[in-house]
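The values are calculated or read from the model by the stated rules, or taken from the named source; none is laboratory data. Note that the structure is a prediction, hence the values are computed from the model and not measured. Positions of Cβ are backbone-derived with ideal geometry, glycine not excepted, and every protein chain shown enters the neighbour counts.
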Amino acid sequence: MEGSGSCLFLVFMISKQWLDALGSATGRSFRFPSPRVPISSAMRRSCWRVLDLIISADKSRPAIDDEVERLLEAAIAASTTGSAESPASSVGVMLDHRLRSAIAHMREHVSEITTIDEIAAKVGLSRAHFFALFRDQLNTTPQVFWSGVRVEEAMRRVAEGGALTEVAMDLGFSAPGNFSRFFKEHTGVSPSIFKRAARDPSPVTVTGVPREQQL
């Protein structure tokens, strides 16, 4: 599990103090009318621009701040309109039943050491067909999705106040240090910093497939 590779997730955590300060500085109100924020095409494009700026060799903090503000505006607009573009709102209906079963198995056995081939066999698929389903329906690979499942569970448990050592052991890491490196590689912050910043224990998703819609 620990040697399954790494992938990059772009996670935004909005501080109320920062949002209030931005509103005061710009004379605007940044309020989300709904807790649900569908991923619109404008948000997706803005996320890519933010990521490009962050990893750019000549990154400019003002440019990043401007793009984050545009992303925030797009998120509020999507929350206001309840855009039908959100993959999360319909992905549970579109997914092949074997893919839904595989995702459920990943989440139910997130603490166990397993392989992609074993998961494919559990749902009656060959390795090639399993990879093809992930590619065609989720635009990713099983390994990347598996990492996302583990990140989701780690974020949920840390946000709920779980002891970091206990979370690390429960998720199959041989040492807390390995868990901390995994967490920071995938979220950009250490689990201790994330724990201090997390205020809302509501479920998070980085895979794009909410738990309530996987079956």
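Key figures for this structure:
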{"quantity": "Sole exception among (1) at pLDDT 90 or above; (2) assigned to a loop (DSSP other than H, G, I, E, B) for Asp117, by number", "calculated": "(2)"}
{"quantity": "Among (1) closer than 30 Å to Asp170 by Cα; (2) at pLDDT below 75 - the single one Phe12 does not satisfy", "calculated": "(2)"}
{"quantity": "Wholly enclosed helices (runs of 4 or more DSSP H) of segment 22-111 bearing at least 1 residues within 30 Å of Phe134 (Cβ to Cβ), modelled with pLDDT of 75 or more and not assigned by TED's automatic domain parsing to the domain that holds Pro142", "calculated": "41-55, 61-81"}
{"quantity": "Candidate set from segment 154-192 (those that are β-branched (Val, Ile, Thr) and at pLDDT below 85); member that is farthest from Leu10 (Cα to Cα)", "calculated": "Val189"}
{"quantity": "Filter result (in contact (Cβ under 8 Å) with a residue 24 or more places away in the chain, more than 24 Å from Ile55 (Cβ to Cβ) and not hydrophobic (A, V, I, L, M, F, W, C)) within segment 155-191", "calculated": "Arg156, Glu160, Gly161, Asp170, Gly172, Ser174, Asn178"}
{"quantity": "Leading residue by the ranking (surrounded by the most Cβ atoms within 10 Å (Cβ to Cβ)) among those in segment 118-145 that are touching a residue at least 12 places away in the same chain (Cβ under 8 Å) and farther than 19 Å from His97 by Cβ", "calculated": "Val144"}
